[in-house]
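Written below as structure tokens is the structure these notes are about.
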Amino acid sequence: MLLSLAQWLQATSPEFSFLRVFQYLTFRAVMAALTALLIGLLAGPAVIRRLTALKIGQPIRGYGMQTHLAKSGTPTMGGVLVLLAIAVATLLWMDLSNRFVWIVLLVTLGFGAIGWVDDWRKVVRKDPEGMRSREKYFWQSVIGLVAALYLVFSISENSNQRVLELFISWVQSGFDVSLPPKAGLLVPFFKEVSYPLGVLGFVVLSYLVIVGSSNAVNLTDGLDGLAIMPVVMVGAALGVFAYVSGNVVFARYLFIPHIAGAGELLVFCAAMSGAGLAFLWFNAHPAQVFMGDVGALALGAALGTVAVIVRQEIVLAVMGGVFVAEALSVMVQVLWFKYTRRRFGEGRRLLLMAPLHHHFEKKGWKETQVVVRFWIITMLLCLVGLSTLKLR
């Protein structure tokens, strides 16, 4: 929005030539981060007071960690603050004509709406299950598949008109259209190594990445500050990938696919990082507000969608290793319990408690120890992910 205004003012009078600074992507990214940070910090107290007044408090399950019972009643659905800051900052500083930022914004807000309904049913209607699993995964799948179908063609083309033409030709050809190499699965640490996926393979992979990332972040969001800081770090790292992928010179030098227009995602990633840091101000132990599904589902989907666009799905799994471990811990725990119950007549557990962060709490780690150590691990994994830009 401000970019369009600056361009219009420059065109009307030479006195506004200093506004050329708005054309620099890095400047707008920094300003988006600062804008989101200020919005979050300034609006945070009012949002927390409003949530408290509405009695939107986090219920603590009786079979959970006993040390968490004191948190019962802490305002939740604070992810609304994060999404508000991201949306406003991104719309202010983005290039409004960029299709990639719009699709990431829509996916983020769409998953946020699913999380909002889930949270609302839990804390307001006092329904312990919230949105039923089938219903939740249905709407997640709808958004994920629509986004994947759009991205499979938009990554290959430079305009929405060409995207529509390619989609029509794909349907007319009996769903058999070859995609360029940059739409394949990129393997890090190797020069120009990618596996062709085809349209169907791309859609399936993108769907799994978007929906999987969303639920993985949601499972991680169980301790004060545990999920939001890794989101900030991984989001910032993906912003670097977006910036170099959108620059033809950098992309050629680093042997990564050039995705025209992807650089603008740096603005979104910067806004997400700024909003996340603002939320951490209130979410740090002892938390004044919890993110809730409205924030966790949305932010996870945002990370997954950005990773798909910049063709770094594997790198996302590396940098978001904490999210992957948390999700796998739940899956393994459930599968092992069901298997042993069927085999031995009594369910057994591999972990003391799932997700993984509760296992370490049961082992005697303090909550702050778990959180900070998981942050350190994420920081190291992000450095490994960023190293793939050069180590090829």
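The values are calculated or read from the model by the stated rules, or taken from the named source; none is laboratory data. Quick caveat, the model's predicted, so the values are computed rather than measured. All Cβ positions, glycine included, derive from the backbone under ideal geometry; neighbour counts span all protein chains shown.
For (1) surrounded by fewer than 24 Cβ atoms within 10 Å (Cβ to Cβ); (2) assigned to a helix (DSSP H, G or I); (3) in contact with a helix residue (DSSP H, G or I) (Cβ under 7 Å, 6 or more places away or on another chain); (4) at pLDDT 95 or above, each residue gets a yes or a no:
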| position | (1), (2), (3), (4) |
| --- | --- |
| VAL199 | yes, yes, yes, no |
| VAL203 | yes, yes, yes, no |
| SER206 | no, yes, yes, yes |
| ILE210 | no, yes, yes, yes |
| SER213 | no, yes, yes, yes |
| GLY225 | yes, no, yes, no |
| MET229 | yes, yes, yes, yes |
| MET233 | yes, yes, yes, yes |
| ALA251 | yes, yes, yes, no |
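Which condition does ARG49 not pass, out of (1) of a type outside the set (A, V, I, L, M); (2) under 20 Å from ALA271 (Cβ atoms); (3) without any contact (Cβ under 8 Å) to a residue 12 or more places away in the chain, if it passes all the others?
Result: ARG49 fails condition (2) only.
Looking at the structure I just gave you, is LEU197 free of Cβ contacts under 8 Å to residues at least 40 places away in the same chain and either in contact with a Leu (Cβ under 8 Å, 6 or more places away or on another chain) or acidic (Asp, Glu) (or both)?
It is true that LEU197 is free of Cβ contacts under 8 Å to residues at least 40 places away in the same chain and either in contact with a Leu (Cβ under 8 Å, 6 or more places away or on another chain) or acidic (Asp, Glu) (or both).
Residues of the stretch 175-188 being surrounded by fewer than 21 Cβ atoms within 10 Å (Cβ to Cβ) and either among the polar types (S, T, N, Q) or modelled with pLDDT of 80 or more (or both), which ones?
Within the stretch 175-188, SER178, GLY184, LEU185, VAL187, PRO188 meet the criteria.
Every residue in the stretch 118-135 that is without any contact (Cβ under 8 Å) to a residue 40 or more places away in the chain and either crowded, with 18+ Cβ neighbours inside 10 Å or farther than 16 Å from LYS55 by Cα (or both), please.
If the condition is that a residue be without any contact (Cβ under 8 Å) to a residue 40 or more places away in the chain and either crowded, with 18+ Cβ neighbours inside 10 Å or farther than 16 Å from LYS55 by Cα (or both), then GLU129, MET131, ARG132, SER133, ARG134, GLU135 are the ones that fit.
Considering the stretch 44-102 alone, what residues qualify as being at pLDDT 90 or above and within 30 Å of LEU351 (Cβ to Cβ)?
The answer is MET77, GLY78, GLY79, VAL82.
Would you please name the residue that is nearest to the chain's Cα centre (by Cα), looking only at residues in the stretch 279-295 that are of a type in the set (A, V, I, L, M) and part of a loop (DSSP other than H, G, I, E, B)?
MET291
Mind listing whichever residues of the stretch 349-391 are part of a loop (DSSP other than H, G, I, E, B) and surrounded by 12 or more Cβ atoms within 10 Å (Cβ to Cβ)?
Within the stretch 349-391, ARG349, LEU350, LEU351, LEU352, MET353, ALA354, PRO355, TRP365, LYS366, THR388, LEU389 meet the criteria.
Within the stretch 12-27, does at least one residue satisfy the condition of being modelled with pLDDT of 95 or more, outside any loop (DSSP other than H, G, I, E, B) and surrounded by 15 or more Cβ atoms within 10 Å (Cβ to Cβ)?
yes
Go through (1) over 22 Å from MET272 (Cβ atoms); (2) modelled with pLDDT of 95 or more for VAL306 and report which single condition fails.
The one condition VAL306 does not meet is (1).
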